[in-house]
Amino acid sequence: MSQRFLVIRLSSMGDIVLTTPILRALREKYPQAEIHYLTRQAYTVLLQHNPHLSALHVWPPSEELRATSWDGVIDLQKNLRTWRLRFLLRYKRWTTFPKKNLRKWLSVRLRRPFPVAHVVRRYGEALRPWDISPDSLGPLEIYVPVEVRAWVRAQLDEVHPGPWLAFGLGGTYPTKKWPPLYKLYLINKLGWPVILLGGSAEAEEAAFLQEKAEVPVVVGAGRYSLLETAAAIAESALVISHDTGTAHLAAAFRKPTGVLWGNTVPAFGMTPWQTPHLNLEVPGLSCRPCSKLGFAKCPRGHHNCLRALTPDYVLYQVKAFWAQIAGDVSAGVWEE
């Protein structure tokens, strides 16, 4: 009888993308195994085309899920909900990962980053009982149907042949978001056609940037589904994002990514995994990090973690980053 595994991660977009190396590692080690995944309905689209999965299940757990015998349950959520789930499932072994919340709490309390291992490596600790090392984990993976990518590509080609910059406007908390006028300045100075990505909460900002931008713009924010957003990133040459799920979608397609860090820090282990990336942050700010997640507004009222991250500084850093990646600024990509 083949082994049967259940992987659990309920949310959110970026965190689910970050679990995908676990699925490949399990499939490669146990090619005949059944690999199931439990998540929330909103995020199933990120996994429904993944060839390493045997089945997807939607939270809350069904009676069928509870009645199934699992050789291993791999809990990558590790919260009160999944702790309660332990008493409902039939399983031989339950594993989870080190969240390192104490080190993050100390980082916030002492305003001094105490680095933790990347979250993908920490997820990998849950695989050790099945003789899989965290050191063996590969890249992130998102599978987008060919027709979705073709539809997005056609939209872009109607506007400009590219290369395209994908700009992720989203952020779960306002203290993670760069000011809109800074984004506008950067977009205009870079001079690339830009795809503006995000959810419905970013639609108004995207409309403002589209109206004021001096470059070709395609608005995906509030219009694109998750898979269409992923396709837009796949069709772009460079991605700029806040510390949020867009950066991890970019990593899934190995896209060079500039990450704008506000109240959070790269030391929390959430940088783009196995892809060239640039951490854009204000060094030496005494009030940072102020949270491991974020706030509705800056606790001190100044939001210097992002206001002091000036668009001219970001422009210089992004140009240097792209020159390093592409190796040829003279080709006219950055002409102003």
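The values are calculated or read from the model by the stated rules, or taken from the named source; none is laboratory data. Just so it is clear, the model here is predicted, and its values are computed rather than measured. Here the Cβ is made from the backbone with ideal geometry for all residues, glycine too, and neighbour counts use every protein chain on show.
Values as computed for the structure displayed
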item: Within region 1-112, helices (runs of 4 or more DSSP H) holding 1 or more residues that are farther than 26 Å from residue 265 by Cα and in contact (Cβ under 8 Å) with a residue 60 or more places away in the chain; result: 20-29, 80-85
item: Region 125-142 residues that are over 25 Å from residue 234 (Cβ atoms) and in contact (Cβ under 8 Å) with a residue 24 or more places away in the chain, paired with ones that are surrounded by fewer than 17 Cβ atoms within 10 Å (Cβ to Cβ) and of a type in the set (Ser, Thr, Tyr) (beta carbon under 7 Å, 6 or more apart); result: 126/95; 129/95
item: Only listed residue being over 23 Å from residue 244 (Cα atoms) and small (Gly, Ala, Ser), chosen from 191, 170; result: 191
item: Test: residue in region 185-208 that is in contact with a Lys or Arg (Cβ under 6 Å, 6 or more places away or on another chain) and either part of a helix (DSSP H, G or I) or of a type outside the set (D, E, K, R) (or both); result: no
item: Search result, residues across region 113-140 that are assigned to a loop (DSSP other than H, G, I, E, B), buried (at least 18 other Cβ atoms within 10 Å of the Cβ) and either at pLDDT 95 or above or outside the structural domain of residue 61 (by TED's automatic domain parsing) (or both); result: 116, 118, 132, 137, 140
item: Number of the condition not met by residue 171 [criteria: (1) in contact with a strand residue (DSSP E or B) (Cβ under 7 Å, 6 or more places away or on another chain); (2) crowded, with 20+ Cβ neighbours inside 10 Å; (3) modelled with pLDDT of 95 or more; (4) not β-branched (Val, Ile, Thr)]; result: (3)
item: Breaking point among (1) closer than 23 Å to residue 288 by Cα; (2) among the polar types (S, T, N, Q); (3) not in a loop (DSSP other than H, G, I, E, B), for residue 172; result: (3)
item: Complete set of residues in region 11-38 that are among the hydrophobic types (A, V, I, L, M, F, W, C) and either surrounded by fewer than 18 Cβ atoms within 10 Å (Cβ to Cβ) or closer than 21 Å to residue 136 by Cβ (or both); result: 16, 17, 18, 22, 23, 25, 26, 33, 35
item: Residue pairs meeting the criteria (Cβ under 8 Å; at least 6 apart or on separate chains; first closer than 16 Å to residue 108 by Cα, in region 291-315; second of a type in the set (Lys, Arg)); result: 292/104; 294/176; 303/297; 305/288
